[in-house]
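Participant: Dumping the structure here so I can ask a few things about it.
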Amino acid sequence: MRTPAAAIAWEFRTRHRWGLIAIAAYLAVLAVCRVRLSDAPEYHSVDTFAFFVVVPLTATFIYFLAVFSYGHGGDLAGRQSIFPPRMFTLPVSDTALAGWPMLFGTIVMALLWLATRVLALWPKGAEVPTVWPALLAASLLAWTQALTWMPYPLPGMRVILTILWLASIDAIVLVALHYRAHEWMMLGILAPNLPLAFVVARYAVGRARRGGASSVLGPQSSVLRSARHALSTNIRGLRTEDRGLFYSVVLRSQSSRMAAVGERPLRRGFSRIVAKRSATPHERNVVAATMKKCVRVERSSRKTIASGTAMPITMMPTISRGPDTGRFYPALLPDRL
């Protein structure tokens, strides 16, 4: 692959080739039906039209949302970005990482609507718009990419914000349709969404690439820094033993709940040292009880071995051995010369 665009397009095509083949087969069936039935059919019920047109179109739309936003391989409820971390190491800019998937996705969404508009068997007398539904689908995909690629400080915030934002766009479109807005007015409402979504997506990819997913209760969060400052100003009037107890409990809570995985053993050992140096036995008992409740955070699960199933292994030092022939090491094997 000579360009980033070709590499990203090849990855989409290779990973999702069977889904794309199924969609192409569905469009081919629609084309055959369109050729055989030149006139618009008369559906006896709404369910028939929904089964042949609405349901496949909606399923394909949701499938493309998952494909081009990388939602099939990420944790939507987590704090980290669902953008693949393996792509952060590519020698391309944030603009290329965010721009090419968004460009491919918007083009595919527009082509999906245009193909459905031309090939689907619409009922007689139905006024089907031509352009603005394609722009609506592209806008929804672009905002889905931008909002799901963004790292968030709290778990579950990605799902809430994405649903609220996409629902607001749909609500604006429904209000415009209620007042019978013209085609050019719908285009004017939906057109600004694409550049705005691209700017947000580029910022989201750049922030995720630099590891910008910080927890609200993390060691470096603004909430914790404010709490530390407020507590440090209020404990100056405490006694020495009370101050030691306070610092012991704070260090213990940081090491078990708010510290990173690699930092927990070091902070836990330091907090135990502080607990042992507390001024009174009462403080040591309180801190020891606090630690005892949180030991399960660092303790690994132990598996019980049934009696008779374990095999003892004797460890012996390894002795280096030379070749069996004395041709290579005659000094080590003089009896075979």
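Values quoted throughout were computed directly from the atomic coordinates according to the rules given, and no laboratory measurement underlies them. A quick note: this is a predicted structure, and the numbers were derived from the prediction, not measured. Positions of Cβ are generated from backbone atoms using ideal geometry, with glycine treated the same way; all protein chains shown enter the neighbour counts.
Participant: How far apart, in nm, are two points set 7 Å out from the Cα along the Cα-to-Cβ line at S45 and at D75?
Facilitator: Placing both labels 7 Å beyond Cα along the Cβ direction yields 4.5 nm.
Participant: Evaluate the distance, in nm, between pseudo-label points positioned 7 Å from the Cα of L187 and of T3 along their respective Cα→Cβ axes.
Facilitator: 2.6 nm
Participant: Output the peptides 63-69, 147-153 sorted from most to least packed, where packing is the average of other Cβ atoms within 10 Å over each peptide's residues.
Facilitator: Per-residue Cβ counts within 10 Å, averaged per peptide and sorted highest first, yield 147-153, 63-69.
Participant: Shifting gears a bit: Which ³J(HN,Hα) values, rounded to whole Hz and listed in residue order, are derived for the stretch 103-115 from phi using the Karplus coefficients 6.51, -1.76 and 1.60 in 6.51 cos²θ - 1.76 cosθ + 1.60 with θ = phi - 60°, glycine and proline given as x?
Facilitator: 5, 4, x, 5, 5, 5, 5, 5, 5, 4, 5, 4, 5
Participant: Next question, about the same structure. Mark the label point 7 Å from the Cα of E11 along Cα→Cβ and return the residues of the stretch 123-142 whose backbone N is within less than 19 Å of it.
Facilitator: Taking a point 7 Å out along Cα→Cβ of E11, the residues of the stretch 123-142 whose backbone N falls under 19 Å are 142.
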